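A quick write-up on the structure given underneath.
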Ligand code: C5P
């Protein structure tokens, strides 16, 4: 069994992908499965933490011993994260949050009209939850972790994003052709505000999750 190095800690993990409704039957979404966030929740629970999992539209079963808060949209995810983060030791934002949502929600199903072109969809920005909780820390010493997918200049872009968001750790998933860490796709490097760079080789999502908690535990001491 895992060492209970998160015992007595409350951790919050967001997982999945938000859906931004256009009308009662349609939404703008993304392909996030929620697997990385669920792996983070499972491994934290195994290490003794009280875990709140804010789950956006994931089809995965609730992990045992974890408080699951289902949400749909980015605005709902923000509300749930802010509430859970109030007494959290660590917050890990693994969810794929939509950057934009439709400006207008149509209360009735949008219909095609004979001989007419469709109306364009106007988008507005969603709140950046990671930046918000990082700037307005609910507790001193709270450790906040973000995720980012980069295709090139992984380290430079990751460093810039870490600074922009204000979180303590940023897990950078390399998507596409790997230049820095070899030939495999989807390798990750965890960047720390202290200048640390922890490379995680291609492998199961549990392994990346364990590394994230190792780094969080170091920073909670
Ligand atoms: O800016 P970008 O979308 O690349 O940042 C990704 C990170 O920021 C993830 O940790 C994601 O959960 C978080 N995020 C957020 N609110 C948004 C967009 C992204 O918290 N509106």
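Side notes on the structure shown:
- Rg/Rh ratio calculated on Cα atoms of segment 98-221 (Kirkwood radius): 1.13
- Cα-based helix-to-principal-axis angle, 205-220 vs the chain, degrees rounded to 10: 60
- DSSP-defined antiparallel bridges as percent of all bridges, segment 1-150, nearest 5: 20
- Peptides 10-19, 126-135 ordered by packing proxy, namely the average of other Cβ atoms within 10 Å per residue, highest first: 10-19, 126-135.
- Percentage relative contact order, the chain, counting C-alpha pairs under 8 Å, at least six apart: 19
- Theoretical ellipticity at 222 nm over the chain - DSSP helices of four or more residues, -39500 (n - 2.57) apiece, nearest 500: -8000 deg cm²/dmol
- For the peptides 37-50, 99-112, 61-74, residues were scored by their other Cβ atoms within 10 Å and the scores averaged per peptide; the highest-first order is 37-50, 61-74, 99-112.
None of the figures in this text is laboratory data; all of them are computed from the coordinates on show. For clarity, every value in this text was computed on a predicted model and none was experimentally measured. Methodologically, a virtual Cβ is constructed for each residue, glycine included, from the backbone with ideal geometry; neighbour enumeration extends over all protein chains shown.
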